[in-house]
Ligand SMILES: Cc1cc2nc3c(=O)[nH]c(=O)nc-3n(C[C@H](O)[C@H](O)[C@H](O)COP(=O)(O)OP(=O)(O)OC[C@H]3O[C@@H](n4cnc5c(N)ncnc54)[C@H](O)[C@@H]3O)c2cc1C
Ligand code: SF4
């Protein structure tokens, strides 16, 4: 373990941010890295618990061996730490930046509100490993002669492709967009995760023999049937990016958009690409000098807030239908699970006005353009409270109330009735497959990531990609050495 008395002697520290007034002037990451010495001190706080909840099912979906790499960092063995971290997580530089860190919620020291700074340490290990040249291609020693097609290059597709390539299969990744990465590249803004991090992973995978075909949409430019005929297995990791319908009357006004086209455009702008994406057609959207309202309280809404501030919005208001959560949780009731409590994202901290327990009734406007958002207060059951209506001035509004499943795409049309799906009581649709074999109702077709489990987290997508790769390897070879 780290230092036996570390947790008693050393205070929890996490990375600091550039001040909001500085960071909203650019789209780059704004986290100030910690010195190696301080990261080592933070790792020293780990108690190497007999039951390490941080890495168990409530803590880390990929089961990162957190106490082990805390100890390696404390011992200044960065190469050992990245080897250990890579054994469970293909992309710790992504999760170290953007994971909400359920591991820290589950850490025993969180009972005292001072969990080990696990996410900070994870990012430090990954960044240091690249700096010291420890991350190199690891091509398979022998080729199996089997061919696997992966559709979609989000974290699920990337993790699966890397695992399958390392198992010796010939892997081809087909991606609809111009560059690989899925929501890592086109959803999550650069200020949370810069995209050169994806490029260098893709380079590593190419060095391991994985081939990427971008700008190819399966079911549109290339039929699914061609893949199932030409490959031994096909893994669909197409995501769940169909925005949920808010059902709020827009009266045909301009200035109201789903969150995704807005975020995709800004990511493409920062990436030096044409802002228009074929999958997310919309006129060019810009929040500069505008009053912006964001409907929704999750990650996507928060990303719209941060993007709008960076574009120079005058005022950004975020509407959440849920009641304002308590400041702190009752640890003995919820630990080691994720707690519902008041959390403020770095984007919200940049000056957003947050309204809770508010429903959006309709968008109002003049001469065909949005001028305001009509709202009302709601009670605990989300029923409107009579007489509480009010209008918030808005020139631009984004709807970010979640995602309802895969697009009604050429892929889904071609797969048709033969592909079994399931729907929950909120109308969320996903493709049916178990989390053991990841097989769909179509022969040779597997699914993983958001398209199977519904819109979730990057860390879950990585886990599903890894597990699906194992299931495919087992099916093709009769045995597998890929980890569960
Ligand atoms: C705005 C936003 C912010 C988020 N922020 C966070 C965060 O901070 N932390 C976190 O952990 N999670 C976050 N998430 C969730 C996370 O991004 C997703 O859970 C994760 O990316 C899912 O990975 P995936 O590989 O299953 O799908 P995706 O990342 O959606 O990738 C699917 C890919 O498949 C491609 N594709 C689809 N159909 C086809 C086809 N027919 N042919 C070829 N290609 C196809 C798509 O173009 C896309 O590239 C966020 C999500 C959004 C929308
Ligand atoms: S729960 Fe916290 S203190 Fe215990 S092993 Fe995990 S990181 Fe270390």
Would you please name the residue that is surrounded by the fewest Cβ atoms within 10 Å (Cβ to Cβ), looking only at residues in the stretch 402-440 that are in contact (Cβ under 8 Å) with a residue 60 or more places away in the chain and assigned to a helix (DSSP H, G or I)? 413
In the set 378, 385, 364, 358, the lone residue that is closer than 28 Å to residue 343 by Cβ and more than 32 Å from the chain's Cα centre (by Cα) is 385
Consider the stretch 287-307. How many of its residues are more than 9 Å from ligand 1 (Cβ to nearest atom), closer than 20 Å to residue 370 by Cβ and crowded, with 17+ Cβ neighbours inside 10 Å? 10
What is the number of the single condition among (1) touching a strand residue (DSSP E or B) at 6+ places or on another chain (Cβ under 7 Å); (2) over 21 Å from residue 89 (Cβ atoms) that residue 221 does not meet? (1)
Evaluate the following for residue 142: is it surrounded by fewer than 17 Cβ atoms within 10 Å (Cβ to Cβ) and touching a strand residue (DSSP E or B) at 6+ places or on another chain (Cβ under 7 Å)? no
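What number of residues within the stretch 11-43 satisfy the criterion of being within 16 Å of ligand 2 (Cβ to nearest atom) and over 18 Å from residue 122 (Cβ atoms)? Full working, then the answer.
Here is the first cut: in the stretch 11-43, the residues within 16 Å of ligand 2 (Cβ to nearest atom) are 11-14, 39-43.
After this cut, where a residue has to be over 18 Å from residue 122 (Cβ atoms) as well, the list is 11.
Within the stretch 11-43, residues that are within 16 Å of ligand 2 (Cβ to nearest atom) and over 18 Å from residue 122 (Cβ atoms) number 1.
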Taking the stretch 198-212 and keeping residues surrounded by fewer than 16 Cβ atoms within 10 Å (Cβ to Cβ) and over 25 Å from residue 97 (Cα atoms) leaves 211
Can you work out which of the residues in the stretch 108-119 that are touching a residue at least 60 places away in the same chain (Cβ under 8 Å) and more than 15 Å from residue 341 (Cα to Cα) is nearest to ligand 1 (Cβ to nearest atom)? 119
Scan (1) in contact with a strand residue (DSSP E or B) (Cβ under 7 Å, 6 or more places away or on another chain); (2) farther than 26 Å from residue 156 by Cβ for the single condition residue 242 breaks and write down its number. (2)
If we scan the stretch 386-409, do we find a residue that is out of contact with any strand residue (DSSP E or B) (no Cβ under 9 Å at 6 or more places or on another chain) and at pLDDT 95 or above? no
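Here's the yes/no breakdown for (1) crowded, with 21+ Cβ neighbours inside 10 Å; (2) modelled with pLDDT of 95 or more; (3) closer than 19 Å to residue 102 by Cα; (4) within 16 Å of ligand 1 (Cβ to nearest atom):
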| site | (1), (2), (3), (4) |
| --- | --- |
| 47 | no, yes, yes, no |
| 64 | yes, yes, yes, yes |
| 68 | no, yes, yes, no |
| 73 | yes, yes, no, no |
Only listed residue being over 30 Å from residue 443 (Cβ atoms), surrounded by fewer than 17 Cβ atoms within 10 Å (Cβ to Cβ) and more than 16 Å from ligand 1 (Cβ to nearest atom), chosen from 137, 100: 137
Give the residues of the stretch 260-286 that are within 12 Å of ligand 1 (Cβ to nearest atom) and either modelled with pLDDT under 95 or assigned by TED's automatic domain parsing to the domain that holds residue 24 (or both), sorted by residue number. 277, 278, 279, 280
Which condition from (1) surrounded by fewer than 19 Cβ atoms within 10 Å (Cβ to Cβ); (2) out of contact with any helix residue (DSSP H, G or I) (no Cβ under 6 Å at 6 or more places or on another chain) is the one that residue 463 breaks? (1)
From the option list 173, 234, single residue qualifying as buried (at least 23 other Cβ atoms within 10 Å of the Cβ) and in contact (Cβ under 8 Å) with a residue 60 or more places away in the chain is 234
Looking only at the stretch 15-41, count how many residues are surrounded by 11 or more Cβ atoms within 10 Å (Cβ to Cβ) and more than 16 Å from ligand 1 (Cβ to nearest atom). 15
Does at least one position in the stretch 322-340 carry a residue that is touching a residue at least 60 places away in the same chain (Cβ under 8 Å) and assigned to a strand (DSSP E or B)? no
Could you tell me which numbered condition residue 377 fails, if it satisfies all but one of (1) at pLDDT 95 or above; (2) assigned to a loop (DSSP other than H, G, I, E, B)? (2)
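Hey, any hits in the stretch 130-147 for a residue that's away from ligand 2 (no atom under 16 Å from the Cβ) and closer than 29 Å to residue 403 by Cβ?
no
The values are calculated or read from the model by the stated rules, or taken from the named source; none is laboratory data. Note that the structure is a prediction, hence the values are computed from the model and not measured. Cβ atoms come from the backbone with ideal geometry, glycine included; neighbour counts cover every protein chain shown.
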